[in-house]
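Taken together, the values in this text are just the output of simple stated rules run on the coordinates, not laboratory data. Please read these numbers as outputs of a predicted model, since none were measured by experiment. Glycine gets a Cβ as well: all are built from the backbone with ideal geometry, and neighbour counts include every protein chain shown.
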Amino acid sequence: MPKEIRGIVVGSRNAAVGFPRAIEILRGGGSALEAAIAAVKAVEDDLCDQGVGTGGIPNILGEVELDASVMDGRTLAAGAVGALKHYPHPIEVARRIMECTPHVMLVGEGAELFARTHGFQPANLLTPEAEAIWRAVIHGERRTEHNVYEDRYQLYMSVVQRWRELLHRELFGTTNVIVRDLAGNIACAVSTSGWGFKWPGRLGDSPIIGAGNYADNRYGAAACTGRGEMAIRCATAHSVVMYLRFGFTLEDALRQAMLDLRALDDPYAEADTVMNIVAMDRDGNVSAASTSPEATYVVQTIDMETYEERPRLHVPLRE
Ligand code: ASP
């Protein structure tokens, strides 16, 4: 019988800022769901993180749009929110959608209406730093003055063409946290401001259950960061859990889900930072994979004083 690890938190590197709170909740007997959400919320509040919550890089129009999702591996309940403007904690909104509605996902104006009518407080999400990055790109591009929509489209396309250079330096970033609590339940929470300079309304993998987030107590959980369009097309988070269900080891499940991405013909997928996955099996063993040779992830059990940073399994996108 494999040894079970209860009271453990694993996540993307930037999630470490939320680990103290998650560990405190677990030590107090709190649930995996509670702990995962608290950890992600701390990253949403981290103004230095330009890929998550307040401080995120805005869309092409200069508006910060947030995506988040949560999944409870005990019940397979899930909640997600997409393209949410003006509300700093999309992960809490996603949770409320899961708990208070018959729906899984709300987006845009409907999500905003939901947040407003459920007592969430609006705030300014655009920090001066994020705005400065947006302005530098906008002013650096040539624009025609004839048609405002055409201008925006041209600008968007020029930013998109530079995607390879900018990936994971300025334009991307997500946080994901998977927790197993003392009762053995698993939960996964994901939050992002998505692709900086994205087209308004663009959703990546983070709010899509099965793409950027999946959790099932019976097999394990997985969450992605990177080029969301690829994780959507391969249902990457769900694939990892499905491979675990088929009896793969955690490392093999991760490797296979990464190899699946090689089938995608994606002109924007040249950068070696294009996909990252963190995962946990049903016994609480954790691992992570990346197309980058340098990527790391973080992990902490309730017995550890602080988190540990570990290298990810390197699976290049191309052979
Ligand atoms: N996966 C996110 C998205 O596509 C971005 C990221 O992880 O960097 O929106």
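Structure values in brief
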| item | result |
| --- | --- |
| Sequence of 198, 3 once ranked by neighbouring C-beta atoms within 10 Å, starting from the fewest | 3, 198 |
| Simple Cβ-charge dipole of the chain, Lys/Arg +1 and Asp/Glu -1, about Cα centre, in debye nearest 20 | 380 |
| At 1.306 mPa s and 10 °C, Stokes D of the chain from Kirkwood alpha-carbon radius, µm² per second | 83 |
| Region 225-285-region 1-66 distance, computed between alpha-carbon centres (Å) | 20 |
| Folded to 0 to 90 degrees: helix 250-260 orientation relative to the chain principal axis, Cα | 30 |
| Rounded to 10°, Cα long-axis angle of helix 236-245 versus longest principal axis of the chain | 20 |
| 103, 314 arranged by Cβ crowding within 10 Å, fewest neighbours leading | 103, 314 |
| Fraction of beta bridges assigned by DSSP in region 48-116 that are antiparallel (%, nearest 5) | 65 |
| Neighbour-count order for 34, 44, 109, 131, fewest beta carbons within 10 angstrom listed first | 109, 131, 34, 44 |
| Qualifying chymotrypsin sites (Phe, Trp or Tyr not before Pro) in region 228-319, DSSP loop, other Cβ atoms within 10 Å at most 11 | 246 |
| Neighbourhood charge, 15 Å Cβ-Cβ cut-off, centred on residue 223 and excluding it, Lys, Arg +1 and Asp, Glu -1 | -1 |
| Diffusion constant of region 100-259 at 25 °C, which comes from Stokes-Einstein with the Kirkwood Cα-pair radius and 0.890 mPa s, µm²/s | 135 |
| Cα-based helix-to-principal-axis angle, 148-161 vs the chain, degrees rounded to 10 | 50 |
| Cut-off 20 Å (backbone N to label point 7 Å along Cα→Cβ of residue 129), residues of region 1-20 | 12-20 |
| Whether region 208-319 is rounded, prolate or oblate, judged on the alpha carbon gyration tensor where a/c under 1.5 counts as rounded | oblate |
| Top positive-direction residue, dipole computed over the chain with Cβ charges, set 247, 298, 111 | 247 |
| Calculated [θ] (222 nm, deg cm²/dmol) that DSSP helices of n ≥ 4 give over the chain, each run adding -39,500 (n - 2.57) | -9500 deg cm²/dmol |
